[in-house]
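First comes the structure, then the notes that go with it.
The values are calculated or read from the model by the stated rules, or taken from the named source; none is laboratory data. What you see is a predicted model; the values in this text were computed from it and never measured. Cβ coordinates were reconstructed from backbone atoms using ideal geometry, including for glycine residues, and neighbour counts include every protein chain displayed. Note: areas computed on protein heavy atoms with side chains; ligands, DNA, RNA excluded. Shrake-Rupley method; radii C 1.70, N 1.55, O 1.52, S 1.80 Å.
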Amino acid sequence: MSELAGYADSDGVSVYYEVHGAGPGLLLVHGSGGQHAAWWQQVAALSGEYTVVTMDLRGFGNTRWPGEHDARAFPGDISAVLDTVALGGGPARCVLAGQSIGAAAALRAALLRPDRVRGVILAHSLGGLRDPELTELVRADRARAEQLPVLDRLLTPAFRAERPDLAFLFRQMGTFNTAKMADLRNLNSDGPTVAELTAAPFPVLLLGGEKDGVLSPSTMRRAGELLPGARVEIVPGAPHSMYWETPALFNDAVRRFLKEVAATA
């Protein structure tokens with residue numbers, strides 16, 4: 001595959017997706033303020049080596065959905081795209097990389113359809129992992145984050161001052177969505193336990209940023225301690241939206257994981 005755009009059927013919902021490049025598969029799942037075009041800096045950097053698949057969850061971008069915005073439907077949307085891409089001649093299995101709430105959707109999809117998955121990257125998220133200690137740590141992180149203006153949680157003030165054009169574009173990405181963070185139901189329901197994720201038949205990368213204003217590096221490191229099979233990478237100087245503000249750092253981390261997965265496949 002080189003360049004392709006289409007729709008996958010997810011229980012009657014037409015889920016928009018794009019395919020760029022050729023090689024091992026990487027499916028990128030956006031966060032609450034994103035959609036498929038938010039990954040422009042990843043597609044450009046990685047599609048020369050990999051088949052990069054982007055998509056719009058229902059209620060985002062080109063995937064129109066007039067009903068309630070329930071996050072429990074997202075894994076089915078991802079599975080539908082994986083199947084459609086594979087049946088269309090693309091990779092039979094992909095590494096799933098999810099940003100923020102997209103990480104929870106990606107992890108649930110991977111556990112639902114491990115036959116389509118080679119690995120999972122949880123970027124700036126624990127993927128809805130159910131564990132009493134981690135739940136308290138995440139709650140404390142979120143309480144601190146809520147003391148900041150929303151944009152300060154996502155992008156550093158220095159970046160916004162230096163690149164007002166990209167900060168503006170970042171804000172505009174969310175205007176294409178009917179679903180907003182406040183509308184999404186069941187974001188934290190049905191997550192896997194530590195034991196369930198430990199037993200999963202695919203490798204996991206917990207990818208965080210040193211300057212993440214939403215999920216602290218210490219919380220991610222603790223999750224890594226509870227998941228001995230998972231790899232943890234905290235990128236120096238990177239914020240919550242690393243993929244946008246420091247894309248080279250994000251892309252390099254993703255590339256390293258993809259190469260590791262390929263080496264052990």
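Here are the numbers:
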read-out: Some residue of region 16-23 being open to solvent by less than 30 Å² (accessible area, probe 1.4 Å), of a type in the set (Ser, Thr, Tyr) and under 27 Å from Val194 (Cα atoms); value: no
read-out: Residue that is farthest from Ala86 (Cα to Cα) [pool: residues in region 1-23 that are assigned to a strand (DSSP E or B) and among the hydrophobic types (A, V, I, L, M, F, W, C)]; value: Val13
read-out: Selected residue (only one of Leu122, Leu134, Leu96 is open to solvent by less than 10 Å² (accessible area, probe 1.4 Å), out of contact with any Pro (no Cβ under 9 Å at 6 or more places or on another chain) and under 17 Å from Ser10 (Cβ atoms)); value: Leu96
read-out: Tally of residues being open to solvent by 40 Å² or more (accessible area, probe 1.4 Å), among the hydrophobic types (A, V, I, L, M, F, W, C) and under 16 Å from the mean Cα position of the chain (by Cα) across region 223-260; value: 2
read-out: Residue check, Thr63 among the polar types (S, T, N, Q) and farther than 30 Å from Arg153 by Cα; value: no
read-out: Elements of type helices (runs of 4 or more DSSP H) contained in region 89-157, each with 1 or more residues being without any contact (Cβ under 8 Å) to a residue 24 or more places away in the chain and within 19 Å of Lys211 (Cα to Cα); value: 132-145, 150-154
read-out: Residue list for region 161-186, filter: buried (at least 17 other Cβ atoms within 10 Å of the Cβ) and modelled with pLDDT under 95; value: Met173, Gly174, Asn177, Ala179, Leu184
read-out: Qualifying residue in region 190-208 (condition: farther than 27 Å from Val117 by Cα and open to solvent by 10 Å² or more (accessible area, probe 1.4 Å)); value: no
read-out: Tally of residues being in contact (Cβ under 8 Å) with a residue 40 or more places away in the chain, in a loop (DSSP other than H, G, I, E, B) and open to solvent by 30 Å² or more (accessible area, probe 1.4 Å) across region 24-64; value: 6
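Conditions (1) closer than 15 Å to Tyr7 by Cβ; (2) among the small types (Gly, Ala, Ser); (3) at pLDDT 95 or above, marked per residue:
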{"position": "Phe60", "(1), (2), (3)": "yes, no, no"}
{"position": "Arg64", "(1), (2), (3)": "yes, no, no"}
{"position": "Gly67", "(1), (2), (3)": "no, yes, no"}
{"position": "Val81", "(1), (2), (3)": "yes, no, yes"}
{"position": "Leu87", "(1), (2), (3)": "yes, no, yes"}
{"position": "Arg93", "(1), (2), (3)": "no, no, yes"}
{"position": "Ala97", "(1), (2), (3)": "no, yes, yes"}
{"position": "Leu107", "(1), (2), (3)": "no, no, yes"}
{"position": "Leu111", "(1), (2), (3)": "no, no, yes"}
